[in-house]
Structures are given as C-alpha cells and as structure tokens.
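For reference, the structure is listed below as structure tokens.
The values are calculated or read from the model by the stated rules, or taken from the named source; none is laboratory data. This is a predicted model, so every value here is computed, not measured. Cβ: placed from backbone, ideal geometry, glycine included. Neighbour counts: every protein chain shown. Keep in mind that these areas ignore ligands, DNA and RNA; they rest on the heavy atoms of the full protein, side chains included. Shrake-Rupley method; radii C 1.70, N 1.55, O 1.52, S 1.80 Å.
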Amino acid sequence: MAGLLRQRSHTVRHSELLRAIYERLNDVSSTLRARAFSIITECVTHERQHVRDAVKEVQGARGVACRLVAAAARGVCDERAAVRRAALSLLQRVLAAHHTAPVDADLALLVGLCRDASIIVRSAAIAALGEMVTQIPTEAVFDAFLAGPMHQLSDPENKVQEQVVTQIQQLLTDRVDTFVSNQFSPVPWMFLDGITRHNMRRHLQKACTLLSKTSNCINHRLVDVVSTHLGAADDRRDLQCLVLLTGVARLVDYSDIGFVLDYYYKLADDTEERDVRLMPLTVELLSVWSRFASNEQRHALREHLVRRLATSEDETSRIPIATLAAQLDPENLQWATEMMQLSEQRAASGADVREWLRAADLALVSPAPPAPSLMQLFLDALANPPPEWDGAEMGACVAGAGRLCVRARGAACRAAPRFAALLRDCAAPTAARLNALLVLTDICTRYTSIVEPLLECVCGCLSRESPPELRRAAARALTRLLLAGFLRLRTPLYYKYCALLADEDNDVREPAEYYMTCCLTTETIFHHFVDCVLYYNNETEKMSFDARQLIYDVMLQRMSLVQRLNAQCRLAREVLQHAADLTDEGAGELPPALHAALLDTITVLCGPRMKLPRKPMANGEPADIDDLQERVTTNIVSHKMKRTVAEVVVPAVLRLYSRLQLRGGQLAAYLVKLATDLLNDYRHEIEELIENDEELVERINQFQETIGIESSFGNTRNLVTTSAPPDPETPRAPRRKAPRQYKGPPKKRALKI
C-alpha cells in the first residue's frame, strides 16, 4: 500500500487507499496497527502534493475533531510498545505539519509518554518534544518540555538521561550568545524563563552536573557570555542569568568575580523596587565564588553585609547574607551575637514578631546560644495567638520557632507537638500550616525519633479536605524524606502514600509516581499488595473503583513474573477462598468491605498483568545465558501459574458461584467474567472442572454471545520502572514453506522462430 500511494498514475484514488490503511489502525494484529501508523506518518510529510491532499481529505478539519490526532491519541494507549511508538510519531508529524501552536491536550499526550514503561517509547517522546521546542518555540511547548523530558534526568536508563542532557545542551549552552541589543537567540532565555516560572532550579543544576561530565560546555566561556547579560536588560533577564550562574558556579572555578560584586552593590544601593529573588541568588553566587576574592574585596563585602543586616528589613535574604558574612571571616562572629541579643531584648520588651524572627535568624550563625525566653515567646504565641495577627504573622512565628528547633534538640522536643497540633487545625492559616510542615521536615532530617510519632498529622495533610498548597508540599516533603532515608515506608504510611498514585493533582501525584516506580523495592510492593486491596476497600477509605485499579496496575507493573504468580495465589487464597469460607458458614450477606475487595480482586485477575507470559522464541544464540535464563524462567512460571489456577483459583470461583448464583447481582456477573477468561486462557487445564458445573457453563456461553469480551489495554499511563523490563513483544515465528513435491524434470519448451 505504501508503494501504491507513491504512484501518481495508479487507478485507485489515493484518498480511498489511505482510508483503507486508516481502517487498519483498529486491526487485531499489533503488527498491522504499527505498520498502518508508520505508513500514514510517512504520507503526512510526503514530498508529493497528491499524497498530502489525500491526507488532508482523510484528516478532516484541523482542531479537536482531527481524525489523525484522535487515532494517534488512541494508539498511544495501546498495550504494544511498537504501536505506541508509531502512534507517537504520527502525532508529532501531524502537530508539526500545521506550524501552529499545538493545544494543551496534544502536548499532554507527549508529556505522558515520556514516562512510558518502554524505553523506545520514552526516547521517541523525548525526541519529539525536543524537535517541537526548536520548531515551535512557544511558552506552552517549553512548559511541556519541562514537564516531560526535564524530569527524565532521573530516568533509570542512562541512555535516556544522556538524550535529555544532549537536548538541554542544544537548547541552552550551544545557543546562548553575547549580549547585543535585539541580536541574540530567544530560545535559551525562553528555556530559562520556564525554569524560573516552574521553580526547577534543582533540575537545572543536575543537568549542568551531567553536562560537565559528558561534555566541555560548562566552562569559563559560558560564564563570560552570561555575564554580559547580567544587568543589561531587566529583572526578568537578571533572574534568568542568576539561575544559570548558580547552577554552574560549583562546577567552574571562576576567579574574576568583579561583575558579581558590581551587580551586588548596584542591587543593594538601588532605591527602586526590584524582584525579591535577585538578592538571595546573588548572595548565593558570591558564597560559592567568595574564595577567589582578594582580601580587600572580602573585607569590604563583609562590612557591607553586616551594615545591611543591621539596617535592612529584608527577611528573604537575611539568612543568606548572615551566612556569607560569617563565611568571609569565621573567626570574628561577635557581631552576630550582639545583634541577636539586641533583638532578643527588643522582643522581650514588646516588639512585634518581625523582631522575634530577626533574633531567630541571627541565632543560626551566632556562636552563643539564644536565650530560653525567646523560644518560650514563640511557644506561647503558637498556643494562644494574638487576635490581631493575620496569616503572615502567624507563619512568621512558626518559621522563627523552627529555626530555633534546628539549632537545639531540646527546643525541637518542646515545639514539635505544637507544630503537629497546628497541622490538625483546619481553621489555622494556610501559611502557618505550610511552615509547620516544613519545620517538621527539617526536624526529621536531624532528629527523626521526634517526628515519627507525629507522622499521622503529616499524613493528614494529604487528605482531599486540605488546601491544595498544603497537599503538594506534603507530597514533596514525604518523598524527600523517603529518598534521603530519614523515613521508612511502613504501614499505615504506606497506604496513605500509595493512594497518591491516583490523585487528580499532578503536583501531588508526580512525587509518589517517581518514588514508587523508581526507588521502592519490588519486594516491598509485593509484600503489601493484598493488604492494599483490603485496606482501600474499607468504609473509612473513600476511593473510586478506577483509582484503586490504577494503583494496583502500577504495583503489578513493578513486579516480576514470579511475584505476579505469587500475588495471584495470595489473592485467590486470602480473598476468594476467605469469601467462599464465609458463604459456607452461612454468614448471609458478605460484609461491604469484603464485597468490594472481591470485585477488585476479580478485576485484577482478569487484567492483562495476570495473563500467561508469552514463551520467547528459541532462536537466540546457544551460548547466551540471559536468553536461556529467560526461557527457563518463563516456562517455570507458566507451568506454576497454570497449576495455581487449576488448584486454587478455579475451586474458589466454583464455590463462590454456587453460593451466589441465586442472589445474582454484580458479584455474580464478575464471577462469570472471571470464569470466561480462565476458560479461554487455561482451557486444557480447567475444562473438566468448569464443565462439571452446567449452570456456570450456560452462563459463560450466554456471556460470550450477548455481552462479549472487551479488549483491555492495561495501564494507560505505562509508568517507567527500575525493575525488570516489561515482557518483550515476541514476534511470530516465520511460517515454514511447505516442501515442494518432486514432479519430475520440467518439460522442454520449443523454441519459436
């Protein structure tokens, strides 16, 4: 068909031929579906006009109703990686062919595929977004690049990390140029603008670290070029420069820091209102490169910083400035002690909360400990806040108490219960609850035993009744603590954390997805799988059926073949057999929680993750030990899975159906669906067992004739994991041609003249 489309003089109309290929997108064979996507993709960008006209006729109007975009959207959810990759290529070509800004829904498809379980799909999605950023450099496309490929800097595959790093190098370091008015490429600055808007400095720092290891683009020349832009335009450009410079500062030993000092003095002496983020970033940059300053520069800078601490009311940069001043002369910190004690005296004499916060900030660098009365002042205010305080003042009080807790363990023991009570108080200001959560996180990194009894309050911040800002901060804080090893994912924290996998808020769901799919061991997931099925169906846990199935699917995706087999056996024994035992004892109606758990169990057992593994073809090299091990493991698991189904699953299904067939209802219909799937997959093993139940056989036949069996595509998100790769798509063995029968020597042909 692809060859016929290229022929201009073929009698069949090209549009009709393309429609025939379009119909193959829904073919049963995954090979034909992938091939149809590839042919249509080739036609979208074909050089001949008649082929492009045929594509336009089939495609229809541009917009939501575009047929090719809708077909590609269905294809990227296919269970086969080859089909998803081919559909992804079609989606990219269709979006690029119109040369207009794509809609957010189309970009969201590409972003979701950046975390696909298949490495070929992930690489294709990352490459597609990288090309779109250079072809259509709009804010929406850059946001999609930052939401998709940028997060794959932590991908478990090194090849994917290198691919993302290469794209960042092409977008940023290769395109940035010396400042000339209106004569520079906007692409690197649009990229840095997205970094600042989404607060992704840590991702940029990691990208710069990887770039310094793989290439020589993080060097003095890059600092020289960026320095020409600092202070040359506006605050927005200055913020982008400082974000990039702080990302490369620890990787480049840059001795000529005069431009940073000049910018700091200019920023400090400026009377106009500037961006509050400029000063902390400038001070951070000076802290990294301060070792290259001369003695005169160090002395002058230290004197200026101390004077600024005494006169300025800037709370956002007070701690960085105090830290830099102490770093420039660590032997002389008397100024910090005197300023702290002066603020303590003002706080004791009735000053407002800003003076309390100043004393707490200076206590972080002062060699002398703060007065106990200062901590008592914070605790009394947290217990009985003054009625005239608003949310900002309450948040400042929590932040000041937290800084004193970081310094001393005794202060942390006294204040931690107050912070936990503040998290439980739904009427408290959101700023105060956010700061209380962050303070407990800081305490946990130093004194974990103080925070562990209070984890229930922290988990309460994840509830749907909490403000969105608090839920996002709680998800990020818990993930950081788990990644750093300060917390262990035990129950009930495990159930609360895994429930985030089905959250509707992307900022809440993404940290949990990363930890569950890339960091948590498969043994832990398998150990708690059946417990999760029972826990999420309790009456106290209000979660939808689709959300529960998504959580189960992510867990099953991480498990190996042997673990899935054991999970199948445990579900049959601990859920199906337990329900059958209750019905044998005449318990009447099943408890609502067990009834819901049965529906979830049957749905999981009917899902694609519990299917028999495909046996790989024995066409590898005889000396390949990995191929031999894979074939042996697959054969053993397949044999044991058949035995488990015949000995455990089928008897439990028969017992349950014999008790529940008279009641009818949804559970009986689910049992018929499960029996139908088992009969189709394990016909030789269980045909005799099921045929003994004539009523069930009749229901199965009726189900197959009237309802039909819908094809399942599994987890539409197909998250990336660090466990064993997904089952390879085993190609069909080539059919052997029948040997020709010998019919004697061929007849001689007469030569005609």
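When 550, 556, 571 are screened for being open to solvent by 10 Å² or more (accessible area, probe 1.4 Å) and modelled with pLDDT of 85 or more, only 550 passes. Against the definition (assigned to a loop (DSSP other than H, G, I, E, B) and either closer than 20 Å to residue 192 by Cβ or over 32 Å from the mean Cα position of the chain (by Cα) (or both)), how does residue 230 come out, yes or no? So residue 230 fits the description; yes.
Taking the numbered list (1) in contact with a Lys or Arg (Cβ under 7 Å, 6 or more places away or on another chain); (2) assigned to a helix (DSSP H, G or I); (3) surrounded by 20 or more Cβ atoms within 10 Å (Cβ to Cβ) in turn, residue 78 passes all entries but (2). Condition check: under 19 Å from residue 391 (Cβ atoms), part of a helix (DSSP H, G or I), open to solvent by less than 50 Å² (accessible area, probe 1.4 Å) and of a type outside the set (Gly, Ala, Ser). Does residue 437 satisfy that? Yes. Within the stretch 158-185, being open to solvent by 70 Å² or more (accessible area, probe 1.4 Å) and either touching a Gly at 6+ places or on another chain (Cβ under 7 Å) or in contact (Cβ under 8 Å) with a residue 40 or more places away in the chain (or both) holds for 159, 162, 170, 174, 177.
For every residue, the table says whether it meets (1) part of a helix (DSSP H, G or I); (2) open to solvent by 20 Å² or more (accessible area, probe 1.4 Å); (3) in contact with an Asp or Glu (Cβ under 9 Å, 6 or more places away or on another chain); (4) farther than 23 Å from residue 315 by Cα.
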| residue | (1), (2), (3), (4) |
| --- | --- |
| 395 | yes, no, no, no |
| 398 | yes, no, no, no |
| 401 | yes, no, no, no |
| 405 | yes, no, yes, no |
| 410 | yes, yes, no, yes |
| 413 | yes, yes, no, yes |
| 419 | yes, no, no, no |
| 444 | yes, no, yes, yes |
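Only one of the numbered conditions (1) in contact (Cβ under 8 Å) with a residue 40 or more places away in the chain; (2) in a loop (DSSP other than H, G, I, E, B) is violated by residue 205, and that is (2). Only one of 654, 660 is at pLDDT 75 or above, open to solvent by less than 70 Å² (accessible area, probe 1.4 Å) and not charged (D, E, K, R). Can you tell me which? Unique residue meeting the criteria: 654.
Here is a yes/no grid of residues against (1) closer than 23 Å to residue 151 by Cα; (2) among the hydrophobic types (A, V, I, L, M, F, W, C):
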| site | (1), (2) |
| --- | --- |
| 479 | yes, no |
| 490 | no, no |
| 499 | yes, yes |
| 510 | yes, no |
| 518 | yes, yes |
| 527 | no, no |
| 538 | no, no |
| 545 | no, yes |
| 550 | yes, yes |
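Can you find a residue in the stretch 94-116 that is closer than 15 Å to residue 42 by Cα and surrounded by 18 or more Cβ atoms within 10 Å (Cβ to Cβ)? Checked against the condition, which is being closer than 15 Å to residue 42 by Cα and surrounded by 18 or more Cβ atoms within 10 Å (Cβ to Cβ), the stretch 94-116 yields at least one hit.
Residue 513 falls short on exactly one of the conditions (1) charged (D, E, K, R); (2) crowded, with 18+ Cβ neighbours inside 10 Å; (3) at pLDDT below 90; (4) out of contact with any strand residue (DSSP E or B) (no Cβ under 7 Å at 6 or more places or on another chain), and that condition is (4). Between 393, 388, the distinction of being out of contact with any Ser or Thr (no Cβ under 8 Å at 6 or more places or on another chain) and in contact (Cβ under 8 Å) with a residue 24 or more places away in the chain belongs to 393 only. Looking at the structure I just gave you, is residue 490 basic (Lys, Arg), assigned to a helix (DSSP H, G or I) and open to solvent by 20 Å² or more (accessible area, probe 1.4 Å)? In short, no.
Residue check: is residue 525 touching a Phe, Trp or Tyr at 6+ places or on another chain (Cβ under 8 Å), of a type in the set (Val, Ile, Thr) and free of Cβ contacts under 8 Å to residues at least 60 places away in the same chain? Let's see the steps before the verdict.
Numbers: touching a Phe, Trp or Tyr at 6+ places or on another chain (Cβ under 8 Å): no; of a type in the set (Val, Ile, Thr): yes; free of Cβ contacts under 8 Å to residues at least 60 places away in the same chain: yes.
For residue 525, the condition - touching a Phe, Trp or Tyr at 6+ places or on another chain (Cβ under 8 Å), of a type in the set (Val, Ile, Thr) and free of Cβ contacts under 8 Å to residues at least 60 places away in the same chain - is not met.
The single residue among 474, 431 that is out of contact with any Lys or Arg (no Cβ under 7 Å at 6 or more places or on another chain), among the small types (Gly, Ala, Ser) and in contact (Cβ under 8 Å) with a residue 40 or more places away in the chain turns out to be 431. A Cβ distance below 6 Å, combined with a sequence gap of six or more or placement on separate chains, defines the contacts here; from the stretch 212-233, residues that are within 18 Å of residue 186 (Cβ to Cβ) and touching a residue at least 12 places away in the same chain (Cβ under 8 Å) reach residues that are open to solvent by 50 Å² or more (accessible area, probe 1.4 Å) and assigned to a loop (DSSP other than H, G, I, E, B) in the pairs 225/178; 228/178; 228/179; 229/179; 232/179. Here 449, 463 are screened, and the one residue that is assigned to a helix (DSSP H, G or I), free of Cβ contacts under 8 Å to residues at least 24 places away in the same chain and among the small types (Gly, Ala, Ser) is 449. With respect to (1) touching a Ser or Thr at 6+ places or on another chain (Cβ under 7 Å); (2) farther than 17 Å from residue 371 by Cα, the lone exception for residue 336 is condition (2).
If you go through the stretch 472-510 and keep only what is among the charged types (D, E, K, R) and touching an Asp or Glu at 6+ places or on another chain (Cβ under 7 Å), you end up with 472, 509.
For every residue, the table says whether it meets (1) within 27 Å of the chain's Cα centre (by Cα); (2) closer than 30 Å to residue 298 by Cβ.
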{"residue": "214", "(1), (2)": "yes, no"}
{"residue": "237", "(1), (2)": "no, yes"}
{"residue": "240", "(1), (2)": "yes, yes"}
{"residue": "259", "(1), (2)": "no, yes"}
{"residue": "267", "(1), (2)": "no, yes"}
